Amino acid sequence: MRLLAKKGLNQAVFGKPHRLLSHFFWLSMLAGLLSLQTSNLWASDEIRIIEATDYQADQQLLFDSQSQFYLPESVIEAIHNEINLTFQTEILFQEHHRFAFIKYKRKRMHVKYQTQLHYSAFTDHYTLINERNNKVQSFNSLDEALKTLGTLSAFPVLSLSELHPDQKYTLKLNINLNRWRLPAPLVINSLIDPDWQLDSGWFETKIYTPKSWL
C-alpha cells in the first residue's frame, strides 16, 4: 500500500515538470513563429523603393520617387479573382537636432494614405483609387497599374520658408500591403503566409537645405 502511494506521489511530483516543459516548448515555438512573422513585416523583396529625389520649385520642397512591385503569383491570382488590395504609403520628414551630447529628431511632416487596386473581369481593366485625393485611374495591364502605384511625382513636403538654412533633414518612405483590409479569411492567412507580408521597409535619404534655397 505504501509502495503504491509512493508511486502515485512520484508521478504527481515528477510528472508535473514534464508537462511544464512540454508547455514551455510549445510556447517557445509559438513565440519563434510570431517573431519570424514580425521580422518579415519590416521588408520584403516584393516591394522595392528604388530612389527618392528632392528638389525645390515655387518656394516648395518637393520630391519624386520610384518603386517597383514584384507580386507573388498567389497575390496576382487573388487580384484576378477580383479581390481588392489596399496599399499604404507612408512619408515621414524629420529634422535633426543636437542638444549638448544628445541627438534627437523632430517630426516636421507625416503623411499616410491608402491606395486601392482593383481588377474587373467584366471590363478587363485595373483601377487605382487614391484615397488621399480621391483620384481614380484605369489601366489596361497590371504592370501599368503597379508602375503608377510606385511613382510619386512633385510630392509636396514643406514650404521653403519653414526650413532652416544648413539644417539636416531626413525623408523616409514606406509602402506596404494593408493586410487588415483584406477579406477576413485572407487576413488570417496573411499572418502565416509570407506571400502576403508585402512591405518595402523604410527607405530614407538625407536632405540639406542650402541658403540659396531660402
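The values are calculated or read from the model by the stated rules, or taken from the named source; none is laboratory data. Here the structure is a predicted model, which means the values were calculated and not measured. Backbone-built Cβ (ideal geometry, glycine too); neighbour counts: all protein chains shown.
Among the residues of segment 47-73, write down those that are under 19 Å from the mean Cα position of the chain (by Cα), not aromatic (Phe, Trp, Tyr) and not in a strand (DSSP E or B). Selection gives Leu71, Pro72.
Taking (1) modelled with pLDDT of 95 or more; (2) on the phi < 0 side of the Ramachandran plot; (3) not small (Gly, Ala, Ser) in turn, Phe99 satisfies each apart from (1). Checking the stated criteria, Ala78 turns out to be over 30 Å from Leu160 (Cα atoms) and either at pLDDT 95 or above or touching a Phe, Trp or Tyr at 6+ places or on another chain (Cβ under 7 Å) (or both).
Is it true that some residue in segment 111-130 is surrounded by fewer than 16 Cβ atoms within 10 Å (Cβ to Cβ), among the hydroxyl-bearing types (Ser, Thr, Tyr) and modelled with pLDDT under 95? Looking through segment 111-130, none of the residues is surrounded by fewer than 16 Cβ atoms within 10 Å (Cβ to Cβ), among the hydroxyl-bearing types (Ser, Thr, Tyr) and modelled with pLDDT under 95.
In segment 154-183, the residues that are surrounded by fewer than 15 Cβ atoms within 10 Å (Cβ to Cβ) reach residues that are in a loop (DSSP other than H, G, I, E, B) and modelled with pLDDT of 95 or more with C-beta atoms within less than 8 angstrom, at least six apart or across chains, in these pairs: Pro183/Ile83.
Cβ-Cβ distances below 8 Å connect the following pairs, each with a first residue in segment 185-203 that is free of Cβ contacts under 8 Å to residues at least 60 places away in the same chain, a second residue that is surrounded by 15 or more Cβ atoms within 10 Å (Cβ to Cβ) and assigned to a loop (DSSP other than H, G, I, E, B), and a separation of six or more residues or different chains: Ser190/Leu182; Ser190/Gln197.
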